[in-house]
Amino acid sequence: MKTVKVKVPATTANLGPGFDVLGASLSLYNELEVSLVENSKKAKFVVLGEGRKILPRNENNILWKAMNAVFCLLSVNDKYNLKNFNIKLTNNIPLSSGLGSSSAARAAGIIAANKICGNKLTLIEMAQLGVKLEGHPDNIIPAFYGGVCISINNGDDKIEVVKLPIPKIKAVVCTPGFELATERSRNILPLKYDRKDVVFNIARVALLIKAFYINDFKVLKEAMKDKIHQPYRAKLIPVMQELIDCAVKAGAYGAYLSGAGPSMIAFCNKEKAQNVTNVMARIWKRETIPTKTFILDFDKSGAM
């Protein structure tokens with residue numbers, strides 16, 4: 001078997017009001033190379049880039065767990081184990097940053113294992129397995145499908161995917177130098193919401209979808225407002241609202257907390273992108289927190 005190669009995009013979830021429903025893939029990628037080895041003593045698990053010093057290189061790695069989930073699903077797990085492979089993972093997506101690093105790892109593992117098994121699973125079958133492993137669809141679905149996606153749970157944990165037009169704008173990503181575990185960020189959310197807050201978000205989701213369809217990005221400042229998750233997660237990121245306000249003042253159409261955070265993302269045109277980047281990074285610098293910044297396009301293809 002030749003080396004199997006997989007490239008998976010970063011993803012951003014929620015886009016403001018679309019909690020656990022909206023997500024988009026971005027032009028920042030993790031890359032995976034996997035090949036079979038005859039001698040288990042020559043098997044290697046190499047991690048480069050983000051997480052190279054802390055990610056496990058054994059059965060506890062979520063990429064391998066995703067590969068093994070495919071082998072189990074296809075009833076070939078007695079044929080393949082970790083010692084059968086050389087694995088090289090190159091991570092460019094920051095960990096625990098709200099940019100879908102875990103989704104990227106799981107998608108890469110699922111696709112690689114499926115290729116090894118002769119591509120027996122369809123795209124939707126792989127995506128469904130990814131949702132099962134990830135626990136929610138907003139990151140993993142755009143990782144597989146690319147573009148901007150609506151994930152619709154039809155009631156029996158089967159996800160229907162609706163793709164929106166890909167906007168011709170830039171995503172300015174500002175990632176502070178600390179990790180924020182998704183579990184912690186989810187646990188801070190309330191179990192119940194006031195009806196007026198739910199209605200508030202429904203209206204903004206509708207406006208956001210309309211903006212993407214007619215390329216009317218001037219409404220994103222209003223369309224990306226949210227009362228379901230960002231006000232609560234602001235307790236973990238005290239400068240969140242300041243980052244949103246300053247990004248808009250610097251020329252962004254709108255800004256929001258990416259997924260569970262702590263990355264913040266602003267949508268803007270190409271001409272405003274660098275200024276918006278500088279303004280957002282300056283706020284974190286004032287807080288003496290280092291940042292990584294990216295000016296990204298929307299990925300069109302998803303994992304491949």
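The values are calculated or read from the model by the stated rules, or taken from the named source; none is laboratory data. Remember, predicted model here, so these are calculated numbers, not experimental data. Note: ideal-geometry Cβ built from the backbone for every residue, glycine included; neighbour counts use all protein chains shown.
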Item to check | Search result, residues across the range 164-202 that are modelled with pLDDT of 95 or more and among the basic types (Lys, Arg) | outcome: 170, 192, 195, 196
Next on the checklist: Can you list the strands (runs of 3 or more DSSP E) lying wholly within the range 1-92 that have 3 or more residues being of a type in the set (Val, Ile, Thr) and modelled with pLDDT of 95 or more?
Outcome noted: 4-13
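Every residue, every condition in (1) within 18 Å of residue 7 (Cα to Cα); (2) buried (at least 23 other Cβ atoms within 10 Å of the Cβ); (3) touching a strand residue (DSSP E or B) at 6+ places or on another chain (Cβ under 7 Å); (4) of a type in the set (Ser, Thr, Tyr), yes or no:
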residue	(1), (2), (3), (4)
94	yes, yes, yes, no
125	no, no, no, no
132	no, no, no, no
163	no, no, yes, no
Checklist entry - Looking at 239, 198, 276, 248, which is the one that is among the aliphatic types (A, V, I, L, M), touching a residue at least 12 places away in the same chain (Cβ under 8 Å) and surrounded by fewer than 17 Cβ atoms within 10 Å (Cβ to Cβ)? => result 198
Item to check | the range 39-72, residues that are closer than 14 Å to residue 85 by Cβ and among the acidic types (Asp, Glu) | outcome: 59
Checklist entry - Of the residues that sit in the range 21-80 and are basic (Lys, Arg) and more than 25 Å from the chain's Cα centre (by Cα), which one is surrounded by the fewest Cβ atoms within 10 Å (Cβ to Cβ)? => result 41
Checklist entry - Can you find even one residue in the range 75-89 that is farther than 23 Å from residue 13 by Cα, in contact with a Cys (Cβ under 8 Å, 6 or more places away or on another chain) and not aromatic (Phe, Trp, Tyr)? => result yes
Next on the checklist: Being closer than 29 Å to residue 173 by Cβ and free of Cβ contacts under 8 Å to residues at least 40 places away in the same chain is the filter here; which residues of the range 94-125 pass it?
Outcome noted: 123, 124
Item to check | Test set (1) closer than 25 Å to residue 264 by Cα; (2) modelled with pLDDT of 95 or more; (3) outside any helix (DSSP H, G or I) - residue 140 fails condition number | outcome: (3)
